[in-house]
Every structure is written in C-alpha cells, then in structure tokens.
Amino acid sequence: MKKVLAVFLILVFGGIFSAPPVFAENVIYNVETKKVHKVTCPHAQKCTKNCIKIDRKDAYNQGGKPCKTCGG
Ligand SMILES: [Zn+2]
C-alpha cells in the first residue's frame, strides 16, 4: 500500500509543479494616475473609482507605471 501512496503523491505533486499557470496575472490599474498596483496593494484596495482589474501586460501597454509602494 505504501508504494501506491508514493506513486499517488508523485502524480499529484508532479502535476502541480509541471502545470503552467492557467491564469493571467491581474493587476489593479488606475486609469486616472496610470499607476499599476498589485491586487493586494493597500492603495489598490482604497481605489474604487478610477481603478480597473486588468492583465499586467495590458496595464503596461496602456502606459501604466509601477506603484512605488507595491512595485506594480
Ligand atoms: Zn500599489
């Protein structure tokens, strides 16, 4: 039974670590100041009016600049 468990664990963990990320990395982008924030950034959490959640690549393509607090 121990061998079966070991094979099972290899399959599970091997699957996790070899799988490519399935989600694009979202950031919070302030369309007014053009600041790019991590989703967890306190500024992003306070920003409700001019902020949108978009892909990091798109935010920088639109002229976004990294936030000084969270680094974008
Ligand atoms: Zn920030």
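The values are calculated or read from the model by the stated rules, or taken from the named source; none is laboratory data. It should be emphasised that the depicted structure is a prediction, and the values quoted were computed from it without experimental measurement. Please note: Cβ atoms are built from the backbone with ideal geometry, for glycine as well, and neighbour counts cover all protein chains shown. The accessibility values were calculated without ligands, DNA or RNA, using every heavy atom of the protein model including side chains. Shrake-Rupley method; radii C 1.70, N 1.55, O 1.52, S 1.80 Å.
Remarks
- The relative contact order of the chain comes to 32 percent, based on Cα pairs under 8 Å that sit 6 or more residues apart.
- Highest average packing first - 50-56, 28-34, Cβ atoms within 10 Å: 28-34, 50-56
- Highest-fluctuation residue, K38, K57, K46 considered, GNM on the chain with Cα pairs under 10 Å: K46
- Counting only DSSP H runs of at least 4 residues, each contributing -39500 (n - 2.57), and dividing by the residue count of the chain, the helix-based mean residue ellipticity at 222 nm comes to -11000 deg cm²/dmol.
- Solvent-accessible area per residue, Å², over segment 23-72 with all protein chains present [probe radius 1.4 Å]: 68 Å²
- T40/F8 FRET efficiency (R0 35 Å; Cβ-Cβ; nearest 0.05): 0.55
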